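**Q** I have a structure here, written as C-alpha cells, and I will follow up with some questions on it.
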Amino acid sequence: MTKKLSIIASGLLLSTSVAFAADSIDGAFKEGTVTGTVDAYYENTNPDSGSDTGYSAGAVGITYETGSYMGLSAKVGFVGATEINSENDSEFESAFTSNSIMSESNLTFATDGISITAGRQAVGLEWAGDYHEALVASITALPDTSITLVYTDKVGVAGYDGIVDFVKVNDSKGAYIVEGTYSGVTGFEFTPYFYSVPDVSDSYGLKTVYSSDMFGATAHYAAASVDGTDDDSILALEASTEVAGLTLALGYIKTDKDGGADDIGAGDDNISPFEDGNYVYDVDAKTIYGVAGYSIAGLDLGLVYGETEYGSDKEKELNLTADYSFTDSFSGSLLYGNVSAEDSAEDYDKVLANLNYSF
C-alpha cells in the first residue's frame with residue numbers, strides 16, 4: 001500500500017484505538033456479524049479440436065464485521081479453496097494462484113452523508129471490480145445523488161471460481177476514480193465517471209438508464225486517451241421490455257475503429273453480455289445480441305445469443321443459464337456456452353456449475 005494510503009489507514013487505526021479504550025467498544029464487537037459461503041464449483045471447456053480443459057474446486061469464504069462505535073467499524077474476510085479434480089494441473093493453478101487470501105481487511109468511518117473505507121475491500125464500479133486495497137469515499141449528502149471517490153493501490157481476485165493474490169496497480173502509481181449517480185429525473189438514472197491511470201490512460205464516460213413499467217433502455221459511451229497508442233472508445237445501446245413475465249432485450253456494441261476498447265475494459269466489464277465475448281472489445285468490433293429471461297417456481301432461466309464482427313471475421317456465442325434456490329440459503333447455478341469461431345477448429349462448448357450455501 002502506498003505511503004498516502006498507509007497514513008490515512010494509520011489515522012483511522014489511531015482513532016479506532018482511542019475508541020477501543022471506552023467500555024462500550026465491547027458492544028461493537030458483540031453486535032458484530034459473521035457471514036460466510038460454501039461453494040462447490042465445476043468448469044469444463046470442450047473444444048472441437050484438442051483436449052478438454054477444466055477443473056472442480058471447493059471454496060469457503062467467511063467475513064466478520066463489527067458493529068459501529070462513534071462511526072467506526074472494522075471488517076475482515078478470508079476466502080480459501082482446494083482442488084477437487086482437474087483435467088490438468090495448469091488449469092486450476094492459472095485460476096487459483098493461491099489457495100487462500102485475505103480478501104477484506106478494512107476500517108470504515110461513517111456519518112450522515114459520507115463514509116470512508118481504507119484497506120482491502122470489494123469494489124463494484126462500471127470499470128473496476130473484484131477486491132482492491134484502496135481508499136474509498138462514498139458521498140450521499142446531495143439529494144438524489146451519490147458520488148464515489150477511489151484511490152486504488154492493489155487489486156486481487158477472491159471467489160469460488162478463482163483466487164489471485166493482490167498485485168500493484170500501475171507499478172505502484174495506482175489509479176484514481178470518480179463515479180457518480182444522479183436519479184433526480186423520474187425514470188432516469190445517470191452515471192458519469194472519470195478514471196485516471198497515471199502515465200497510462202485517462203478514461204471518461206456516461207451511462208444513462210431509463211426504466212418504466214413496460215420498457216427500459218440503456219445508452220453507455222466511454223472513451224479513453226491512451227499514452228503511446230490509439231485512443232479507445234465504446235458505445236453500447238440496449239432496449240428491453242417484459243411481456244407476460246418474459247424479459248426481452250436487444251443490444252448493440254461498437255468499439256473504436258483504430259483503438260478498440262481493451263484499455264477501457266482492462267479493470268472490469270459491465271457491457272459485454274456474454275460469458276466469454278472474446279472479441280467484443282477488439283478494434284472496430286461490432287456486436288449485436290439478444291437476451292431472454294423467465295422465472296418460474298424459483299427457477300430463473302436465461303438466454304443470451306449474439307454475433308461479434310471484428311475486421312473481416314465473426315464469432316457467435318450462445319449462453320444458456322439456470323439458477324435455482326432450493327432454500328433461502330442454498331442455491332445452484334448452471335451455464336452452458338457455445339462459441340462458434342471464424343475458424344471452426346476454434347469452436348468450443350463450455351459448462352459452468354456451482355452449488356452455494358450462504359449463512
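The values are calculated or read from the model by the stated rules, or taken from the named source; none is laboratory data. Since this is a predicted model, take the numbers as computed values, not measurements. Ideal geometry is used to build each Cβ from the backbone, glycine not excepted, and the neighbour counts take in all protein chains shown. Side chains included, ligands, DNA and RNA excluded: accessible areas come from the protein's heavy atoms. Shrake-Rupley method; radii C 1.70, N 1.55, O 1.52, S 1.80 Å.
**Q** So for the pair D26, Y336, with labels modelled 7 Å out along Cα→Cβ, what separation do we get in nm?
**A** Between D26 and Y336, the simple spin-label model gives 5.9 nm.
**Q** Still on this structure: Tell me the per residue accessible area of segment 60-170 using a 1.4 Å probe; a whole number in Å² is fine. Mind dumping the intermediate values first?
**A** On the way: 5040 Å² over 111 residues.
Solvent-accessible surface per residue comes out at 45 Å².
**Q** Would you mind putting 323-334, 232-243 in packing order, based on average other-beta-carbon counts within 10 Å, highest first? Don't skip to the answer; put the middle values down first.
**A** Working: 323-334: 13.0, 232-243: 17.4.
Those peptides, ordered most packed to least, come out 232-243, 323-334.
**Q** My understanding is that a pair violates if its Cα-Cα distance is over 29 Å; which of K257/K316; K207/K286; K75/K207; K154/K350; K154/K207 do that in this structure?
**A** The answer is K75/K207; K154/K350.
**Q** Using only Cα atoms, tell me the angle between helix 3-20 and the longest principal axis of the chain; keep it within 0 to 90° and round to the nearest 10.
**A** Helix 3-20 sits roughly 50 degrees off the main axis of the chain.
**Q** Identify all aspartates and glutamates with a Cα-Cα distance to K168 below 12 Å; exclude those on the same chain that are fewer than 8 residues away in sequence.
**A** K168 reaches E133, D153.
**Q** Let's see if you can work this out: charge +1 on each Lys and Arg Cβ, -1 on each Asp and Glu Cβ, no other charges. What is the dipole magnitude of segment 166-253 about its Cα centre, in debye to the nearest 20? Mind dumping the intermediate values first?
**A** On the way: 3 positive and 12 negative charges, 41 e Å.
Value, rounded to 20: 200 debye.
**Q** Same structure, new question: Only Cα pairs under 8 Å and at least 6 apart count here; give the relative contact order of segment 60-111 as a rounded whole percent.
**A** Details: 72 pairs, mean separation 22.6, N = 52.
Computed value for segment 60-111: 43 percent relative contact order.
**Q** If you don't mind, there's one more thing I want to ask. I'm checking a number: the convex hull volume of the Cα atoms of segment 72-230, normalised per residue, in Å³. What is it?
**A** Enclosed volume per residue, from the Cα hull, is 176 Å³.
**Q** Give a residue-ordered list of calculated ³J(HN,Hα) values for segment 219-227 (Karplus: 6.51 cos²θ - 1.76 cosθ + 1.60, θ = phi - 60°; whole Hz; x for Gly, Pro).
**A** Coupling constants for segment 219-227: 10, 9, 10, 9, 9, 9, 9, 10, 5 Hz.
**Q** Stretch I139-A40 to full length: gain in nm at 0.36 nm per residue minus the Cα-Cα span?
**A** Working: separation 99, 0.36 × 99 = 35.64 nm, distance 3.75 nm.
Difference between extended and current length: 31.9 nm.
**Q** Relative contact order for the chain: what percent, with Cα pairs under 8 Å and sequence separation of 6 or more? If you can, show how the numbers build up before the last one.
**A** Working: 937 pairs, mean separation 43.0, N = 359.
That works out to 12 percent.
**Q** Let me ask something else. Given R₀ = 35 Å, what would the calculated FRET efficiency be for L320 paired with K257, taking r from the Cβ atoms and rounding to 0.05? Display every interim value, and only then the final one.
**A** Values: r = 32 Å, r/R0 = 0.93.
The computed FRET efficiency comes out at 0.60.
**Q** Taking only protein heavy atoms into account and a 1.4 Å probe, give the accessible area per residue of segment 239-359 in Å². Let's see the in-between values first.
**A** Numbers: 6220 Å² over 121 residues.
Averaged over the residues of segment 239-359, the accessible area is 51 Å².
**Q** With a Cα-only, solvent-free Debye model of segment 167-211, what are the log10 I(q)/I(0) values at q = 0.19, 0.27, 0.30 Å⁻¹?
**A** -0.64, -0.89, -1.00
**Q** Now for a separate question. Out of segment 235-332, which trypsin sites (Lys or Arg not before Pro) are coil in DSSP terms and have no more than 14 other C-beta atoms within 10 Å? Walk me through the numbers before you get to the answer.
**A** Details: sites: K254, K257, K286, K314, K316; in loops: K257.
Here the trypsin sites (Lys or Arg not before Pro) that fit, given the DSSP loop and packing criteria, are K257.
**Q** Once you place label points 7 Å from the Cα toward the Cβ at K173 and E275, how far apart are they in nm?
**A** Once both label points are built, they end up 3.8 nm from each other.
**Q** If you take percent of Cα pairs over 36 Å apart from the coordinates, which of (1) 28; (2) 21; (3) 45 do you get?
**A** Calculated percent of Cα pairs over 36 Å apart: the matching label is (1).
**Q** Once fully extended, how much extra length lies between F190 and F359, figured as 0.36 nm per residue of separation less the alpha-carbon to alpha-carbon distance? Mind showing how you got there, number by number?
**A** Values: separation 169, 0.36 × 169 = 60.84 nm, distance 3.44 nm.
Length difference between fully extended and current span is 57.4 nm.
**Q** Also: Where the accessible area of the chain is counted over protein heavy atoms with a 1.4 Å probe, how much of it, in %, is carbon and sulfur?
**A** Details: 10150 of 18220 Å².
Solvent-exposed carbon and sulfur of the chain make up 56 percent of the total.
**Q** Using a Gaussian network model on the chain with a 10 Å cutoff between Cα atoms, which of Y195, Y204, Y294 fluctuates the most?
**A** Looking only at Y195, Y204, Y294, the largest GNM fluctuation is found for Y294.
**Q** Within straight cross-link reach of K30, meaning Cα distance under 14 Å, which aspartates and glutamates are found once same-chain residues fewer than 8 apart are removed?
**A** E65
**Q** With labels modelled as points extended 7 Å from the Cα through the Cβ direction, what inter-label distance (nm, one decimal) is found for S49 paired with K286?
**A** Simple spin-label model gives 2.8 nm for this pair.
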